[in-house]
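The values are calculated or read from the model by the stated rules, or taken from the named source; none is laboratory data. Note that the coordinates shown come from a computational prediction; the quantities given were computed from them, not determined experimentally. Virtual Cβ from ideal backbone geometry, glycine too; neighbours counted across all protein chains shown.
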Amino acid sequence: MTRVLGQFWRLLGLCISGRGGKLGLALFVAVVALKLLGVYATLRIISWTKDFYSALEAVDAKAALTQIGIFGIIVLLNSIRELSSQYLNKLVLIRWRRSLTEAVRDRWLRGKAYWRMADGSGVDNPDQRIADDCRLFVSGMLSEALDLITNIVAIFSYVALLWQLSSFPLSLAFIGIDFEIPRYMLVAAFVYVGLCSLLTHVLGSPLKALYVEQQRREADFRFALARMRSNVDEIALLNGEGAERRTLDQRFGGIIGNWRRLINRELILSCFTYPYQHTVLRIPLFVALPAFLAGSVNFGGLMEVSTAFSSVVTTLSWFIFSYRDLADLVAASSRLDGFLRSTEGNGGAAPVVQPGNGPLRISGLNLTLPDGRALLGVDNLTVNRGEAVWLAGASGLGKTTLVKAIAGLWPHANGRIETPAGSMLFLPQRTYVPIGDIMEAVAYPATAEAFSPEVRKAALEAVGLGNRLDVTLGTGETGTGGLSGGELQRLALARLLLHRPDFAFLDEATSALDVAAETELLALLRSELPDSAFILVAHRKPQGLGTLTTVELGATPAAPATPLEPILA
């Protein structure tokens with residue numbers, strides 16, 4: 001319980017501390033005040049009940065009509081209160097959801113936590129955590145917090161009223177011994193609800209874990225569908241429909257299996273809570289009946305005391321009525337808390353990258369795989385501005401990993417990397433395209449406004465994309481807007497023309513282009529960026545950059561090449 005409350009407070013703090021969070025808190029206080037007015041309305045209804053039924057018992061038509069008018073006024077005012085409360089509550093919900101979503105998003109992006117968590121060792125389905133769990137937590141927390149606060153205040157009011165009304169005792173006899181239970185209706189309310197709440201918790205406690213698992217299974221299925229949409233060309237060319245169907249069937253089978261366990265547990269819980277909910281409004285009348293039959297109260301008093309008893313029981317039954325929602329809320333907060341904790345990890349060993357004040361310098365660098373096996377070593381490498389360097393080596397040697405290490409994205413290393421004093425821009429083999437049109441995508445990661453439309457258009461035309469200016473990216477099945485692999489790489493090279501980095505790292509960034517196109521584009525980059533350094537990873541020797549220094553990379557002595565003969569035999 002302490003851990004759960006700690007999670008709630010942490011997440012609630014993020015809701016309040018963010019943009020618009022404090023105004024949301026003020027609105028929340030206003031909603032609470034309106035909810036508490038609802039308690040007064042209920043007390044007034046209880047008092048009205050006695051007056052109305054007493055008028056009926058006395059066959060007083062005038063008094064009965066007066067009470068009907070009073071009832072209409074109470075209902076009208078209470079409806080205005082409830083509608084105002086609901087409207088303000090929705091304003092709080094969207095403000096706090098925005099605050100929490102922004103806080104979780106920022107922690108996911110901070111320090112490249114999204115990259116560290118991408119290997120699956122952290123939290124699964126971060127998109128679900130940010131999009132769904134933030135919404136589920138805020139909506140559930142608001143609903144249950146309002147109910148809890150209102151019920152705490154209400155129970156004192158209702159208990160005080162029931163204490164006043166149920167002054168009569170219940171006389172019983174057992175094995176010849178007569179005894180009385182003073183204010184028995186109040187005692188009965190607490191005993192009845194206490195035992196029922198305990199039974200509800202015993203029957204429903206497994207629901208939290210099942211809700212967590214169901215959300216995970218649903219997210220895994222959505223991910224498989226989205227992954228298929230992202231690779232429709234490859235799947236179609238490979239005739240992979242059967243394999244994809246098996247994958248989707250397996251993921252959906254997990255949903256079905258957990259769903260069955262979930263509905264079985266909900267059925268077990270409902271076997272108790274459903275009859276409870278449908279008898280809780282009748283039990284008060286049965287409990288008050290002995291007092292009426294004994295003449296302790298008249299008919300109007302019977303209806304008043306039974307209504308007061310019903311209010312106490314209903315308020316105390318909040319835990320029973322809300323158990324499923326509470327379980328879902330606890331599950332959402334647990335997932336969010338786990339996600340936030342994963343973003344706080346350091347991602348591995350201490351970084352070897354240090355800021356320098358001149359060229360790019362690498363000395364005594366040894367890269368390893370996550371399991372500690374040696375991968376690639378670089379004894380000494382210096383790259384100055386204006387130079388062009390080709391990092392050559394066998395496929396799978398670790399050249400891309402070296403580029404990642406220079407970018408600070410490979411923690412499994414020792415040695416030293418001094419990054420250059422100037423700006424750096426990295427172009428991976430797969431060009432990332434954000435949502436938007438191509439005129440916005442060419443400016444990435446800067447905003448489109450950082451460059452004039454004329455400059456962006458000129459950069460695209462320079463790399464041969466002048467006829468693709470109307471392309472919309474980031475949508476559709478593949479998100480590429482119909483651009484080919486070569487055109488995507490041309491888009492990445494256009495980004496170099498816009499950003500003009502001091503050091504440009506091209507990791508197979510021209511692999512989809514033919515030699516003639518590659519030579520033409522690299523020559524364009526050299527002429528437009530004469531003072532920039534180009535560090536290239538490529539299977540073939542790049543052409544068009546002028547003087548080119550070739551660095552032959554090799555595996556570290558600790559990682560000899562594995563012979564292929566046993567594998568192929």
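Between ARG456, ARG468, ARG526, the distinction of being within 28 Å of ASN384 (Cβ to Cβ) and touching a residue at least 12 places away in the same chain (Cβ under 8 Å) belongs to ARG526 only. With respect to (1) touching a residue at least 12 places away in the same chain (Cβ under 8 Å); (2) more than 12 Å from GLU344 (Cα to Cα), the lone exception for LYS112 is condition (2).
Scan ALA523, ALA494 and give me the residue that is at pLDDT 90 or above and surrounded by fewer than 17 Cβ atoms within 10 Å (Cβ to Cβ).
Selected residue: ALA523, the only one of ALA523, ALA494 that is at pLDDT 90 or above and surrounded by fewer than 17 Cβ atoms within 10 Å (Cβ to Cβ).
Only helices (runs of 4 or more DSSP H) whose full extent lies in segment 421-536 are considered here, and the ones with at least 1 residues that are closer than 24 Å to ARG229 by Cα and more than 35 Å from the chain's Cα centre (by Cα) are 485-499.
With respect to the conditions (1) touching a residue at least 40 places away in the same chain (Cβ under 8 Å); (2) more than 30 Å from ARG183 (Cα to Cα); (3) surrounded by fewer than 16 Cβ atoms within 10 Å (Cβ to Cβ); (4) among the polar types (S, T, N, Q), GLN250 falls short on a single one, namely (1).
Put simply, of LEU269, LEU369, LEU281 the only residue that is among the aliphatic types (A, V, I, L, M), under 30 Å from PHE156 (Cβ atoms), at pLDDT 80 or above and over 26 Å from the mean Cα position of the chain (by Cα) is LEU269. Contact map, segment 212-225: first residue touching a residue at least 40 places away in the same chain (Cβ under 8 Å) and of a type in the set (Gly, Ala, Ser), second residue in a helix (DSSP H, G or I) and surrounded by 18 or more Cβ atoms within 10 Å (Cβ to Cβ), Cβ cut-off under 7 Å, separation 6 or more or different chains; pairs are ALA219/GLN128.
Yes or no: PRO428 of a type outside the set (A, V, I, L, M), at pLDDT 85 or above and exposed (fewer than 15 other Cβ atoms within 10 Å of the Cβ)?
no
Pairs are defined by a Cβ separation below 8 Å, a sequence spacing of at least 6 or placement on different chains, a first member in segment 288-301 that is without any contact (Cβ under 8 Å) to a residue 40 or more places away in the chain, and a second member that is in a helix (DSSP H, G or I) and surrounded by 15 or more Cβ atoms within 10 Å (Cβ to Cβ); the pairs so defined are LEU289/LEU302; PHE292/GLY301; PHE292/LEU302. Here VAL31 meets each of (1) free of Cβ contacts under 8 Å to residues at least 24 places away in the same chain; (2) crowded, with 17+ Cβ neighbours inside 10 Å with one exception, condition (1). One residue is enough: does segment 50-58 have a residue meeting the conditions buried (at least 17 other Cβ atoms within 10 Å of the Cβ) and hydrophobic (A, V, I, L, M, F, W, C)? Scanning segment 50-58 turns up at least one residue that is buried (at least 17 other Cβ atoms within 10 Å of the Cβ) and hydrophobic (A, V, I, L, M, F, W, C).
Here's the yes/no breakdown for (1) over 30 Å from PHE299 (Cα atoms); (2) among the hydrophobic types (A, V, I, L, M, F, W, C); (3) not in a helix (DSSP H, G or I):
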residue: PHE8; (1), (2), (3): yes, yes, no
residue: LEU12; (1), (2), (3): yes, yes, no
residue: VAL32; (1), (2), (3): yes, yes, no
residue: LEU36; (1), (2), (3): no, yes, no
residue: ARG97; (1), (2), (3): yes, no, no
